[in-house]
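The values are calculated or read from the model by the stated rules, or taken from the named source; none is laboratory data. Note that this is a predicted model, so its numbers are computed, not measured. FYI the Cβ positions are ideal-geometry reconstructions off the backbone, even for glycines, and counts take in every protein chain you see. To get the accessible areas, we keep the full protein, side chains included, count just its heavy atoms, and leave off ligands, DNA and RNA. Shrake-Rupley method; radii C 1.70, N 1.55, O 1.52, S 1.80 Å.
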Amino acid sequence: ANGTLVKHWTAEPGFWGPRGIAVGTDGNVYVTDTGNKRIVAFNADGVQIEYWGSDGSAPGQLIEPVGIAINQHNEVVVCDTGNRRIQVFQSDGVFAREFPVYGWEEFYTEPYIALQGDSAYVTDSYMHRFARYDEAKLTGVWGKTGSGNGEFNRPIGIAVAPDGRVAVSDTLNNRIQIFQPPAPAS
């Protein structure tokens, strides 16, 4: 509660560029180990449970995994940057499904993800925007290059509030922008 370090966790074999982190409904913690092209899972006490993924483009393989989130079904949703797709895994690492992401043209775009129901919001720092996918379909894009309202210079972090507002870190403009996208079409 006072900010004192309690514990640190390491992976076996060791991490190489861990980026994203998410906590499942069961308390398990999932980390994108970007350089090792894998996902590492820990229990709530920091004990490594397993890891999955390898370099490649087949289902279950990863190239530059960055953003990660847990959906309402306790599935692990991963931004597979180099393959320009989102991959969804069961919490034990079994591949479930994937869908393409439009954008992520630059290899080091560092996309992050936030979920609300069946909607996935992802950042695209190279194209200076964020997008919404509903049930694996692109349904909205917000932003463009610039420093004005609604414009971005390298958006990276993203979160969705319970009321549907989307907060995006506008990294090189040194600010956070808040959006109220329209509700997804039914």
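Points worth noting:
- Scanning segment 112-127 for residues that are touching a Gly at 6+ places or on another chain (Cβ under 6 Å) and either of a type in the set (A, V, I, L, M, F, W, C) or in a loop (DSSP other than H, G, I, E, B) (or both) yields TYR112, ILE113, MET127.
- Qualifying position, being among the acidic types (Asp, Glu) and either in contact with a His (Cβ under 8 Å, 6 or more places away or on another chain) or open to solvent by 20 Å² or more (accessible area, probe 1.4 Å) (or both), among ASP33, ASP26: ASP26
Yes/no per residue for (1) assigned to a strand (DSSP E or B); (2) touching a strand residue (DSSP E or B) at 6+ places or on another chain (Cβ under 7 Å); (3) in contact (Cβ under 8 Å) with a residue 40 or more places away in the chain:
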residue: ALA1; (1), (2), (3): no, no, no
residue: GLU12; (1), (2), (3): no, yes, no
residue: GLY20; (1), (2), (3): yes, yes, yes
residue: ASP26; (1), (2), (3): no, no, yes
residue: TYR30; (1), (2), (3): yes, yes, yes
residue: GLY35; (1), (2), (3): no, no, no
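- Subset of segment 6-23 [surrounded by 13 or more Cβ atoms within 10 Å (Cβ to Cβ) and farther than 20 Å from ILE158 by Cα]: TRP9, ALA11, PHE15
- Residue in segment 139-152 that is touching a residue at least 24 places away in the same chain (Cβ under 8 Å) and surrounded by 22 or more Cβ atoms within 10 Å (Cβ to Cβ) present: yes
- Residue count, segment 97-135 (criterion: more than 12 Å from the chain's Cα centre (by Cα) and either loosely packed, with under 15 Cβ neighbours inside 10 Å or charged (D, E, K, R) (or both)): 15
- Filter result for TYR102 (in a loop (DSSP other than H, G, I, E, B), in contact with a strand residue (DSSP E or B) (Cβ under 6 Å, 6 or more places away or on another chain) and over 28 Å from HIS8 (Cα atoms)): yes
- Candidates VAL122, VAL160 - the one that is touching a strand residue (DSSP E or B) at 6+ places or on another chain (Cβ under 9 Å) and closer than 18 Å to TYR102 by Cβ: VAL122
- Evaluating ILE39 against the criteria (1) open to solvent by less than 20 Å² (accessible area, probe 1.4 Å); (2) on the phi < 0 side of the Ramachandran plot; (3) over 16 Å from the mean Cα position of the chain (by Cα) leaves one unmet condition, (3).
- In segment 166-186, the residues that are closer than 20 Å to ASP118 by Cβ and exposed (fewer than 13 other Cβ atoms within 10 Å of the Cβ): GLN180, PRO182, ALA183, ALA185, SER186
- Residue that is most open to solvent (accessible area, probe 1.4 Å), among those in segment 54-93 that are part of a loop (DSSP other than H, G, I, E, B) and touching a residue at least 40 places away in the same chain (Cβ under 8 Å): GLN72
- Failed item in (1) part of a strand (DSSP E or B); (2) more than 12 Å from the chain's Cα centre (by Cα); (3) more than 22 Å from ASN74 (Cα to Cα), with GLY150 passing the rest: (1)
- Of the residues making up segment 37-47, those that are aliphatic (A, V, I, L, M) and in a loop (DSSP other than H, G, I, E, B) are ALA44, VAL47.
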